[in-house]
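Here is the structure we will look at.
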Amino acid sequence: MKKLRIFGLILVFALIAAACSSSSEDTTTTAGGEAATTTAAPEATTTTAGGSEETTTTAAAPMEIKTDFGVDLEAGTITVGQTADLTGPFAPLVKPILAGQQLYWSWLNANGGIGGLQVQMETRDTAYQVEQHIAAYDEIRDQVVAISHTTGSPQTLAIADALEEDSMIAVPATWYSGWTDTNIAPAVVHLGAPYCLEAMSLLDWISDEWKAEGNDAPTLAVASIPGDFGLDSMAGALKWAELNGVEVVYDGSGTIIPGQDQKPVADAIVASGADMVFVTTTPSTFGEVFGGALQQGFVNAKWSGAGPTYNPAFIAEGSPIADAIQAMWYGGFYAQPWGGDSAGMALVMQLVEEFAPDMPANDYVGLGVSEAMLVHAALQAAYDSGDLTRAGVYAALRTLDDVDFQGLAPNENYVGTTAEQVQRAITLYRPSVANLQAGGSGSEIVENNFVGPTAESFDFQEACYQF
Amino acid sequence: MLEVANLEVVYNDVVLVLRGLSLNVPDGEIVALLGANGAGKTTALRAITGILDIHEGDITKGSVTFDGEQIDGKDPSAIVRMGIAQVLEGRRIFAEMTVDDNLRAGAFTNTNKASITAAHERVMDLFPVLQGRRKDSAGYLSGGEQQMLAIGRALMADPKLLILDEPTLGLAPMLVQQIRDIIVDINRQDVSVLLIEQNANMALSIANYGYIMETGKVVMDGDPQKLLGDEDVKEFYLGLHSEGERKSFRDVKHYKRRKRWLS
Amino acid sequence: MMPAILVFAEAGGQEAIDKFANATSSGIALGAIYALLALGLVLIYKATQVLNFAHGALAALGAFFAAYLATVLNFPGRYATFLPLTMQWLLSALVAVLITALVGLVLERLAIRPMIGEPLFSVVMITIALDIVIRTITDDFIGNNPRPLGDPWGADVFNVGPAIIAKSEVATLIVTLICLIGIALFFRSRYGVAMRATAFDQEAAMAQGISAGRIFALAWAIGAGLAATAGIFSSLFPRSSIGVSNTTAFFAFRALPAIVIGGLDSITGAVVGGFIVGLAESYAGAYLVGDTWSFLGLGFAGVMPYIVMLVVLIVRPYGLFGTEEIRRV
Amino acid sequence: MRNRPRLYVSYASEMALLPTWTQKIAALVFLVILVLIPFGVIPGLGFLADNDWLKILSRVSIFAIGALGLHILSGLAGQVSLGHAFFVGIGAYTAAILGGEVGKGTWGLGLPIWIWLPAAGIVAALIGALIAPTAVRVRGIYLAIVTLGLVFVGEWLFRSLPFITGGAQAGRKFPTFEFRFWQEEVPFLDFTSDGPWFGIQMTSEAKTYILLLVFAIITVIVAKNIQRTRVGRAFMSIRDRDIAAEVMGVADTKHKVMAFALSSALAGVTGALMGAFVGRLVPEGFSLFLSIQFVAALLIGGIGTVTGTLLGATFVLVLPRVVQDLTGLLASTAQTGTGWTAAVANFFVSTAEGDPGIVSTLPGTSPGLNVAQFNLLLYGLLLIAFLIFEPLGLYGIWIRIRNYWKSWPFTY
């Protein structure tokens, strides 16, 4: 025992010493396995998927390009950072998003990179905690030129000042309407329709469906978790009800507290007898609310909610609520779900085939690819203007008025006022067990680039929900 | 039967408690081990029965053999299974359990149902007072009854050797007498006894042989008569001066008042 | 209970009865799971004096095993196709419980055994570290999406008077009852007596030839098995309709007030405490809502168990059934 | 005595802050090193002057203050609390109300630091003193769970007061490190911007580090001194045997309440500093996890000593970063290294699709843990290994080494 003790201590300290000695040098996690094989050969004519107007790049001599952080012309690399929740509550969504980014960068690097520069990822885990998020950003801020993924609104908001100070653009994996609002965190760039407009479009859709079945004006029940995710979405849903004169029979904004019993929320929804239920929360809490309502025999309503509320596990084999979800859930998503018909999705499929054939179908992979496309577009534009500094990328992004995601996500504009920049289109889908069993993600696309009439006419000037 | 040879025990890597203890318990006899507080009696017991570990103690030298087999280093349950049972100092009965459950715990190493029943009957014979209280919580027994329960519990393992650590501690003279008789009874049933005591009078009155420990080793051994006749024993363990008068503590030689480390 | 129902009937008619029945039945169903969790926690605490913070992680691990065995491998159902589906699933669950018990055994041997005799809170800290380790590995197993357990009851319900009860909730209740009886019987057995002895006085138990290490291992194995049972049944409809996910492990913390209310070292207390907590949470969720109670803020029902716990502790510092520690100078 | 100058000749000298010359010199050298860190002039420790490491060290300073608070309660008075995060939260929100920006959605009075920082401690202490009489009725693990209840009550409270806390999953801004006399526009001392300080060019990170270091050192001196006073001895007597202490005339409840209040005060200060340092906190941040980190710091450092607590605080906050670097090292060795090191690293790390390994550098695409999960796993395993091999903590290692050399070459 004694010998073991001493051995153990030596082991622990050896590990720590090893790590400490390495900490002074830069250890980076490089992106794809392909990275090492492709040399920086900037003669190729590259078609950029991000499709900034430029499709052909000439071989710019490396010396002409201004750089500061995260770009190493000698090594031929560009480093983009991710402050991602890899071990916290949203890890199930974030992991496929990063996988998508990984695929895209691997593909891009294999096809000449950005002017021959290879893009590599520097990822830090945040566990969805504000403090850890800030620490993660502090750790990588001087190693990267842009943040291609940051999980969580309060977390992203907490680093917003630092981002602005560093002139670092960041693509958030959250659809808080404030990211479009030019007065809030201008360094954080939106991608996809904000929660509140998404809610309006979805409610436009399901109220039409409801009426199409020969019913009268529906009633609405809403419930959500607290925070931007739930409350921004609720702001949209309640606004929709107000604009359309629909009676809200239960308002449970912010009442779903993760880690608590959700039966009371389910009971309140059942008691309200609503025809449409709009719930924005995490998948596991949604499962509890939905299950609780189902138990009470609440089977005639139409259910919907913000994108991340839904998880294909709802209709997976063995799920007790599979049939009910298939019948009652109406979903929306910010990018095209897996198996869509766009050129962008074809690229995703090709990438998966090529680099990760075992990867299970997941709607968030495409989202990750579109995040990478956006950063690619900004980097490409910055490269073209000869300024790959963080400020240069920031400035370049703000010149993009029509980023084309090849149909993977609706085109985006980053120029002009809040109202001009806002994205209103979402993809509508219905859960489908058949689709899942056929190897798909379980989401059957109903309509691409859908904008509901209420969402269309809504005068979006500022964030629907203010922190 | 039990042979302790040149035993050295160190606690916490620093405190040397036994420094070359040797003793011998022949088959079928009662052997008394006497010594003042901190002499190392309890440590000797722990070393024999293998519960030094949880006190952060280690045997650094010497050996313990039982029936010719080396037992130092074995774990306590194996030692009990070989036939050494012990009664810990301060009774240590399981106060929250019933008397019967205490006895069942004592019979843990005994998997034979018939022999458990036999052992149980033997205990009930030896301690008839326990008979009526079998379903009571052991914690509600009186001190004397608890001591009897503790001894009974140890007997449930059907031991060949019973080690008792200060069984008369804190008992009234009447009860001391009773316990003494019980020990003799047990010994008659073919169980060897190693009796660790401070009450030298009582111990030597029933022992076949006695050892006196001081600071971790045996300083004197011999027949009870020899020990009882010794001046120093009279002075320190029986509290008598050679003329039968008490001696003031101040008169005791300085070296005999040495500091005690562990008590 | 009857008078209470009558009072409600008087005051609010059928609707009030329905509401009360609904809250009560879901409180009992919730309480059954808390009781299962508490049972395991108390068993480990009683035998080893360790509050096991890795309990939730073990619960999630057990639920994962059950999901994997039942939906992916169909083990051992594939060898017993003659059995009805319910039995096949129960067998899978049982195997999952046994595997988790084995994991508990191994954990005890590797991480807890070396700590015998060390300060209590160091051991508690070890269980917290174990929680991190087990949870990380389980999360990786679970993968990107939660895993449904594929239980035979699905979303089926019974109508019992005014209450609607899911079949899985009834199953949970029955299993809780079986576990309780099983534990009670176990404590009368040879090893059960030895465990109680070890719990009370480790050295004295060792002196009787009881191998404390083996008892600890046994306690951890049973505790882990109970955790797995709780994990499996808390991942069923309607409590968690999507099966086991990376949040399943946190459920166990909700059972902590239950073990304090019951008394940390009392098996009966664990079960009673579990149901008290379940009912308290359910009633608070059903009645302390609406405009009248809006001053209670968000999610008051989740705090209710702790309030009940405080009240109990003020009256009885060692819980309802806990043994008072005898303190001496 | 002349030949043995290092013997203590009086109680006072034995109880001195730093009783021996060795300790005085060691403390001084250590202090100088700590102050010089941001200037990157210490050979071998130059990397600590990087902004990210400075921030980690600043966090250590903040965290150490709270850990010392828990040290007073658990280490000295023997009352194990899992509710420390609650008091950290109380302190943070007191500071936020008093020092927060005026005219935002959340309450804020815009008062200067010399008001909000002490107030954070005082309010937390008052609430601690209010709760303590109920809490100290129970002991041991019961107390741990009761105080755990505080954390959950706290989360509910913070969630339900959005006008103070900004609401769940949203959070609010906190005051910054700026010294003002009152609410004037320009602070006379400012830690949030780069610029010269007494003629030396310093980054805001370096300035903040120095400021927090000063706070931490003050706390260390306070904690050390509490140990030496009558109150401190009363705490320790309660820890070792509370009934005996009571019999000797140490008022049990009174001193437990005092320990609670003192510990909460330091927790409150930590909260205020944490808020100011981080800038934005969500109510969920004051969770059980934070409490556990404090307890972990105490246990890992070695419970009951100030030095141990400081070591533990450093260990708990630096370990994740070390683990992160360790994984990075493994990954880069696997990719570019040669020889047996690369083989070992390759065994652990999978760098490409289809490459087997325990940890994958490709998040989400291949089987195996991702880097973050591997970090977490390693963190847990190191904690376990550490506690098993050295249950008395880092301070225990030191004692072991010291004892060994004290009697060298004799082992006992």
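Quick grid of which residues meet (1) buried (at least 19 other Cβ atoms within 10 Å of the Cβ); (2) in contact (Cβ under 8 Å) with a residue 12 or more places away in the chain; (3) not in a helix (DSSP H, G or I):
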| residue | (1), (2), (3) |
| --- | --- |
| D:A27 | no, no, no |
| D:L68 | yes, yes, no |
| D:L73 | yes, yes, no |
| D:A85 | yes, yes, no |
| D:G108 | yes, yes, yes |
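Note on the range A:266-279: among residues that are out of contact with any Lys or Arg (no Cβ under 7 Å at 6 or more places or on another chain) and open to solvent by less than 10 Å² (accessible area, probe 1.4 Å), the one that is farthest from the other protein chains (Cβ to nearest Cβ) is A:F278.
Here's the yes/no breakdown for (1) open to solvent by 10 Å² or more (accessible area, probe 1.4 Å); (2) at pLDDT 90 or above; (3) in contact with a Lys or Arg (Cβ under 7 Å, 6 or more places away or on another chain):
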position	(1), (2), (3)
A:Q155	no, yes, no
A:I159	no, yes, no
A:L163	no, yes, no
A:I169	no, yes, no
A:Y176	no, yes, no
A:D181	no, no, no
A:A193	no, yes, yes
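Restricted to the range A:72-94, and to residues there that are in contact with a strand residue (DSSP E or B) (Cβ under 7 Å, 6 or more places away or on another chain) and farther than 18 Å from A:R141 by Cα, the residue that is farthest from the other protein chains (Cβ to nearest Cβ) is A:L73. For the condition under 30 Å from C:F253 (Cβ atoms) and either among the small types (G, A, S) or open to solvent by 10 Å² or more (accessible area, probe 1.4 Å) (or both), A:A237 does not qualify. Contact annotation: residue pairs with Cβ atoms under 6 Å, 6 or more positions apart or on different chains, pairing a residue in the range C:190-210 that is more than 7 Å from chain B (Cβ to nearest Cβ) and closer than 11 Å to B:M97 by Cβ with a partner that is part of a helix (DSSP H, G or I) and open to solvent by 20 Å² or more (accessible area, probe 1.4 Å), are C:G192/C:F186; C:A199/C:K46.
Counting only residues that are surrounded by fewer than 20 Cβ atoms within 10 Å (Cβ to Cβ) and out of contact with any His (no Cβ under 9 Å at 6 or more places or on another chain), which one in the range B:1-11 is farthest from B:H55 (Cα to Cα)? This residue is B:M1. Residues in the range D:55-66 include none that are outside any helix (DSSP H, G or I), out of contact with any Pro (no Cβ under 8 Å at 6 or more places or on another chain), among the aliphatic types (A, V, I, L, M) and open to solvent by less than 30 Å² (accessible area, probe 1.4 Å).
Residue-by-condition table, conditions (1) within 11 Å of chain A (Cβ to nearest Cβ); (2) open to solvent by less than 20 Å² (accessible area, probe 1.4 Å); (3) free of Cβ contacts under 8 Å to residues at least 12 places away in the same chain:
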| position | (1), (2), (3) |
| --- | --- |
| C:M87 | no, no, yes |
| C:N144 | yes, no, yes |
| C:G154 | yes, yes, no |
| C:V157 | yes, no, yes |
| C:A163 | yes, yes, no |
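For the range D:298-309, a residue qualifies if it is crowded, with 23+ Cβ neighbours inside 10 Å and part of a helix (DSSP H, G or I), and the qualifying residues are D:L298, D:L299, D:I300, D:G301, D:V306, D:G308, D:T309. Residues that are in a helix (DSSP H, G or I) and open to solvent by 20 Å² or more (accessible area, probe 1.4 Å): does the range C:57-66 have at least one? Checking the range C:57-66: at least one residue is in a helix (DSSP H, G or I) and open to solvent by 20 Å² or more (accessible area, probe 1.4 Å). Number of residues in the range C:40-53 that are part of a loop (DSSP other than H, G, I, E, B) and more than 10 Å from every other protein chain (Cβ to nearest Cβ) equals 1.
Among the candidates C:S245, C:S234, C:S266, C:S241, the residue that is out of contact with any Phe, Trp or Tyr (no Cβ under 7 Å at 6 or more places or on another chain) and either open to solvent by less than 30 Å² (accessible area, probe 1.4 Å) or free of Cβ contacts under 8 Å to residues at least 60 places away in the same chain (or both) is uniquely C:S245.
The listed residues are B:V193, B:V233, B:V219, B:V184, and the only one of them that is more than 17 Å from the chain's Cα centre (by Cα) and either part of a strand (DSSP E or B) or modelled with pLDDT of 90 or more (or both) turns out to be B:V219.
Can you name the residue in the range D:232-242 that is open to solvent by 40 Å² or more (accessible area, probe 1.4 Å) and free of Cβ contacts under 8 Å to residues at least 40 places away in the same chain and is also farthest from the other protein chains (Cβ to nearest Cβ) among such residues? So, considering only residues that are open to solvent by 40 Å² or more (accessible area, probe 1.4 Å) and free of Cβ contacts under 8 Å to residues at least 40 places away in the same chain, the one farthest from the other protein chains (Cβ to nearest Cβ) is D:R233. Filtering the range A:316-352 to residues that are over 22 Å from the mean Cα position of the chain (by Cα), within 26 Å of A:A409 (Cα to Cα) and of a type in the set (V, I, T) leaves only A:I325.
Within the range B:196-211, the set of residues being outside any loop (DSSP other than H, G, I, E, B) and either surrounded by fewer than 23 Cβ atoms within 10 Å (Cβ to Cβ) or of a type in the set (S, T, N, Q) (or both) comprises B:N201, B:M202, B:S205, B:I206, B:Y209.
Using beta carbons and a limit of 7 Å, which pairs, at least six apart or on different chains, have the first residue in the range A:394-423 and touching a residue at least 60 places away in the same chain (Cβ under 8 Å) and the second one open to solvent by 40 Å² or more (accessible area, probe 1.4 Å) and assigned to a helix (DSSP H, G or I)? If the second residue must be open to solvent by 40 Å² or more (accessible area, probe 1.4 Å) and assigned to a helix (DSSP H, G or I), the pairs left are A:Q406/A:A343; A:G407/A:A343. Name the single residue that is nearest to the other protein chains (Cβ to nearest Cβ) among those in the range B:29-66 being on the phi > 0 side of the Ramachandran plot and open to solvent by 30 Å² or more (accessible area, probe 1.4 Å). Result: B:E56. Check C:G299, C:G322 and return the single one that is on the phi > 0 side of the Ramachandran plot and buried (at least 21 other Cβ atoms within 10 Å of the Cβ). Testing whether each residue is on the phi > 0 side of the Ramachandran plot and buried (at least 21 other Cβ atoms within 10 Å of the Cβ) leaves just C:G299.
There is no residue in the range A:214-229 that is open to solvent by 30 Å² or more (accessible area, probe 1.4 Å) and under 19 Å from C:V289 (Cα atoms). Only one entry of B:N110, B:N102 meets the criterion of being more than 7 Å from chain C (Cβ to nearest Cβ) and at pLDDT 90 or above, and that entry is B:N102. The C-beta contact set for the range A:280-294 (first residue more than 7 Å from chain C (Cβ to nearest Cβ), second residue open to solvent by 20 Å² or more (accessible area, probe 1.4 Å) and in a helix (DSSP H, G or I), distance under 7 angstrom, 6+ apart or interchain) comprises A:A293/A:V270. Can you say whether C:L226 is surrounded by fewer than 24 Cβ atoms within 10 Å (Cβ to Cβ) and at pLDDT 90 or above, as far as the supplied structure shows? No.
Taking the criterion of being over 28 Å from D:L70 (Cβ atoms), free of Cβ contacts under 8 Å to residues at least 12 places away in the same chain and either within 14 Å of chain A (Cβ to nearest Cβ) or not in a helix (DSSP H, G or I) (or both), would at least one residue in the range D:160-178 satisfy it? Checking the range D:160-178: not a single residue is over 28 Å from D:L70 (Cβ atoms), free of Cβ contacts under 8 Å to residues at least 12 places away in the same chain and either within 14 Å of chain A (Cβ to nearest Cβ) or not in a helix (DSSP H, G or I) (or both). Pairs meeting the criteria (first residue in the range C:284-311 and of a type in the set (S, T, Y), second residue surrounded by 15 or more Cβ atoms within 10 Å (Cβ to Cβ) and part of a helix (DSSP H, G or I), beta carbons under 8 Å, at least 6 apart or on different chains) are C:Y287/C:A23; C:Y306/C:P257; C:Y306/D:G149; C:Y306/D:F152; C:Y306/D:V153.
The values are calculated or read from the model by the stated rules, or taken from the named source; none is laboratory data. All of these numbers come straight from a predicted model, not from anything done at the bench. Here Cβ is always computed from backbone atoms with ideal geometry, including for glycine, and neighbour counts include all displayed protein chains. Keep in mind that these areas ignore ligands, DNA and RNA; they rest on the heavy atoms of the full protein, side chains included. Shrake-Rupley method; radii C 1.70, N 1.55, O 1.52, S 1.80 Å.
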